[in-house]
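Right, one structure below, let's go through it.
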Amino acid sequence: MRTFVIIDFYIQLIMLMIGMVLAGFGGYNFLLFYYVTGGAQLISFLIRLFLPIKKSVFYIIYGILIIPVWTSVLLKYTSGADYDVSQILMSVLFASLFYSPVMAMIYIYDYYNVYKSYP
């Protein structure tokens, strides 16, 4: 388990840096940060969910805040949702523009604490 935690931590760190570099190109490229960093963290989150790895309070809060974002993205861009539902989904996505970068950095910091807790 320790090996997985170490490898996943470094993958998360690298994906955060790649996302920041892509966002630095200007224009709408800043959205790539959300997909690169968030996509990697979503996969990591889902894998950690089913493994016997230590789960902190922040890990649970992260899941509660980030799963609706990815669900909204999926529903918004894959279905012909009616006006009322799409407005709710867009509200979730708009709010996530502000809290997702902070959550991404805290997720990596929290994962660093998990990584350090293994002997």
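The values are calculated or read from the model by the stated rules, or taken from the named source; none is laboratory data. Since the model is a prediction, treat every value here as computed from it, not as a measurement. A quick note on method: Cβ atoms are made from the backbone with ideal geometry, for glycine too, and the neighbour counts reach across all protein chains shown. To get the accessible areas, we keep the full protein, side chains included, count just its heavy atoms, and leave off ligands, DNA and RNA. Shrake-Rupley method; radii C 1.70, N 1.55, O 1.52, S 1.80 Å.
Observations, loosely collected:
- Extension gain from Phe50 to Phe94, taking 0.36 nm per residue of separation minus the Cα-Cα distance: 12.9 nm
- In plain terms, the chain from Ile106 to Ile60 could stretch by 15.3 nm, reckoned as 0.36 nm per residue minus the Cα-Cα distance.
- This model, with +1 at the C-beta of Lys and Arg and -1 at the C-beta of Asp and Glu, gives the chain a dipole about its Cα centre of some 440 debye.
- Accessible surface of the chain, 1.4 Å probe, proportion on carbon and sulfur as whole %: 77 percent
- Volume per residue of the C-alpha convex hull in the chain, rounded to whole Å³: 104 Å³
- Top positive-direction residue, dipole computed over segment 1-84 with Cβ charges, set Trp70, Ile60, Gly19: Ile60
- Mean separation of Cα contacts under 8 Å (6+ apart) over length of segment 1-100, as relative contact order %: 20 percent
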